[in-house]
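Here's the structure we're looking at; comments come further down.
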Amino acid sequence: MDAVIRRAQVADAPGIARVHWDSHQTTYVLPGRVARDRVEAWTMRIRISSWTANLAIANDVYPVPEGFHRMEIWVAEVGGAIVGWANTSLGHETDAPRELQLEGIYVLEEHHGTGVGQALLDAAIGDRPAYLWALDDNPRAHAFYRRNGFALDGADQFDDLWQVTEVRFVR
């Protein structure tokens with residue numbers, strides 16, 4: 001693996017948003033897991049704005065405003081381009097099974113199987129106890145989490161926005 005894993009900076013917002021967009025297309029839209037209009041309603045402009053705010057908070061540019069929470073965010077770069085990212089936070093759900101939540105981890109499809117995802121997970125949570133929510137119909141992600149010591153705990157939830165069921169993994 002020739003990726004560099006590092007803490008994300010505010011200037012990384014467009015690159016993170018691009019990976020987010022592309023990954024949503026290949027993982028959710030093209031296989032028919034999530035309707036295209038639901039994914040694409042979250043435009044690049046909105047994604048860049050959201051990631052800029054999240055990164056500013058993560059890098060202590062300004063305090064956490066209402067409606068946001070503080071995350072730790074990492075990126076993977078190959079040849080100077082962002083090819084993946086991961087973010088964590090202290091679980092903000094009232095019934096969180098662990099303190100640490102892996103909120104997201106995305107790697108461009110052409111970098112699947114290269115070790116980038118593993119390196120991001122290792123940087124983001126290491127071997128600490130954590131939990132995450134994953135689409136119930138995503139066998140590749142489920143296998144990745146199981147290889148890393150996560151197990152389904154029986155909890156599920158329906159995401160009204162995306163019209164999908166998510167399942168919870170805990171380690």
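Coordinate-derived values only; no laboratory data. A quick note: this is a predicted structure, and the numbers were derived from the prediction, not measured. So basically every Cβ, Gly included, is an ideal-geometry build from the backbone, and we count neighbours across all protein chains shown.
Suppose R0 equals 35 Å; then what is the FRET efficiency for Q118 and F158 from their Cβ-Cβ distance, rounded to the nearest 0.05?
Numbers: r = 30 Å, r/R0 = 0.85.
The calculated FRET efficiency here is 0.70.
If you take all other residues with their beta carbon under 15 Å from the beta carbon of D60, and give Lys and Arg +1 and Asp and Glu -1, the sum is +1. Simple spin-label estimate for D60 and I46 gives 3.3 nm between the two label positions (7 Å along the Cα-to-Cβ direction from each Cα). Between A134, A123, A11, the Gaussian network model of the chain with springs among Cα atoms under 10 angstrom shows the greatest mean-square fluctuation at A11.
Other residues lying with their Cβ under 10 Å from the Cβ of V167 contribute a combined charge of -4, Lys and Arg counting +1, Asp and Glu -1.
Identify the chymotrypsin sites (Phe, Trp or Tyr not before Pro) of the stretch 38-126 meeting these criteria: DSSP loop state and at most 10 other C-beta atoms within 10 Å of the C-beta. Mind showing how you got there, number by number?
On the way: sites: W42, W51, F68, W74, W85, Y106; in loops: W42, F68.
Counting only loop positions with at most 10 other Cβ atoms within 10 Å, none of the chymotrypsin sites (Phe, Trp or Tyr not before Pro) in the stretch 38-126 qualifies.
With only the Cα atoms considered, the chain has a convex hull volume of 117 Å³ per residue.
Within the chain, what's the longest stretch lacking GluC sites (Glu not before Pro) that sit in DSSP loops with no more than 14 other Cβ atoms inside 10 Å? Don't skip to the answer; put the middle values down first.
Values: sites that count: E66, E93, E99.
Answer from the scan: 100-171.
Measuring nothing but how far apart in sequence close Cα pairs (under 8 Å, 6+ apart) lie, relative to its length, the chain scores a relative contact order of 21 percent.
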